[in-house]
Each structure stands twice: as structure tokens, then as C-alpha cells.
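Engineer: Quick one: this structure, given as C-alpha cells, is what I'll be asking you about.
Please treat every number below as a calculation from the coordinates, not as lab data. This structure is a prediction, so every number in the text was calculated from the model and none was measured. Quick reminder, even Gly has a Cβ in these numbers, built from the backbone with ideal geometry, and neighbours come from all protein chains shown.
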Amino acid sequence: MELYDELLDYIPYNIQEEADRTVMLRYLRDFSNVYTRENVYGHITSSPWIINADASRVLMIYHNIYDSWGWCGGHADGDRDLIHVALKEGTEETGLKHLQLLDKRILAIDILPVPPHMKRGAFVSAHVHLNVTYLCQADEQEALISKPDENSGVKWIPVEEIEQIVTEEDMKPVYRKLMEKSRSLLRL
């Protein structure tokens, strides 16, 4: 199913998701290049929200650009299969070999501001990521390997410690929402 149709069917969790869904639908309608970084205003990204078996821990990486612990994820770069993008980013950024998708439906949507930064020696102007998140699970015992060009650490973080370990204040509500929605979906 195309993202546009998925978003039409998506039931927003709160007013933030309702507003973001409206904007995302407009981007998809108005821009033919929203799946690529050629759209300098904003582009589609996809993230796996990776939990352990009992949803007591979340797998996070230490982002080099944001200088903070956070979730995995990345640009669609033309790929319209956003589940594939989320799983690819999750395995590439953590070294996981076995990442299980728990639900094919979108877990959450967010429009995330990206501040100006340097990436691979080039300046990247401020823009937004039109992000969709999918619920995934992995085995805590599986070996983890960081991806040095993007992150400098990978670790399982107890859910109750996310607020203390994440230094990006604007991401804390996103992570709270993801945990609430995960637990609701899993009925925990």
C-alpha cells in the first residue's frame, strides 16, 4: 500500500499526529521527490522502534550528528517500501542480524525538525523529516555493532531510563509516545 493511502487510513494517536498527518499528506500530494533528499524542505524517513521480548528495554544508538542517544532510522532515498527502509536502517545501525517486524501497520508518525549540520564534509540546511515508525523486536543477547560513520554506540536502555539518557529534549515526547503506543499494541 502506498504511504498516502496508509496515512489516509491511519488513526492519529493525538493532536500532534493529526496535524502531522495533514502536513505529510500535503507533502506527498505536492512534491514528487519527497522520497528523496532532493527535496531540501523535507523528505520521508523511516524508523524501527526496537523493543526486547517484554518491552522493558529499547535498543538505541548514540547519534554522532545529534550527540545524543536515540532511535535508529534513515532516509527512504527513493525506496517506497518503508518497512524495508526501517528494517535496513535498524540492522545497519546496530549490527543486528535478526530484527523482527511485529506489525506491518505504522506505529507512529512524526514531523521531526533537523537543524543545520555538517555531514560527510558537506553543509546540510535545516529541513524536516517526515517520519514513519514501525514496531520491531530483537533478542537482547544478539551481538551489537555500531556504525562509526553514523553512531558511536549501541545499547539496550531500560524504558524508565530513556528520559535521563536522551539529551535531545524535543525527542523525549516522541519516545514517550512510542512506548505508550507499543505497550498499548502489545497490551502490556
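Engineer: For Cα Rg over 2.2 N^0.38 Å, which listed value, (i) 0.97; (ii) 1.27; (iii) 1.12, comes from the coordinates shown?
Structural biologist: It is the one labelled (i).
Engineer: Hey, another quick one. Looking at the chain, send over the antiparallel percent of its DSSP beta bridges, to the nearest 5.
Structural biologist: Here the antiparallel bridges make up roughly 70 percent for the chain.
Engineer: Still on this structure: With runs of 4+ DSSP H residues as the only contributors, calculate the mean residue ellipticity of the chain at 222 nm using -39,500 (n - 2.57) per run, divided by the residue total and rounded to the nearest 500.
Structural biologist: After summing the helix terms and dividing by the residues of the chain, the value is -9000 deg cm²/dmol.
Engineer: Got a sec? How would Arg120, Arg176 order by Cβ neighbour count within 10 Å, fewest to most?
Structural biologist: Arg120, Arg176
Engineer: Under 17 Å from a point placed 7 Å out from the Cα of Ala19 along the Cα-to-Cβ direction: which residues of segment 127-167 have their backbone N that close?
Structural biologist: Label zone hits: 128-131.
Engineer: Let me know the charge dipole size of the chain about its Cα centre in debye, to the nearest 20, where only the beta-carbon of Lys, Arg (+1) and Asp, Glu (-1) is charged.
Structural biologist: 80 debye
Engineer: Now for a different question. Students often check this: by mean Cβ neighbours within 10 Å, which of 92-105, 45-58 ranks highest, and how do the rest follow?
Structural biologist: Those peptides, ordered most packed to least, come out 45-58, 92-105.
Engineer: Straight-line reach from Lys104: which lysines fall under 22 Å, measuring Cα to Cα and dropping same-chain residues less than 8 apart?
Structural biologist: Reachable lysines: Lys88, Lys177, Lys181.
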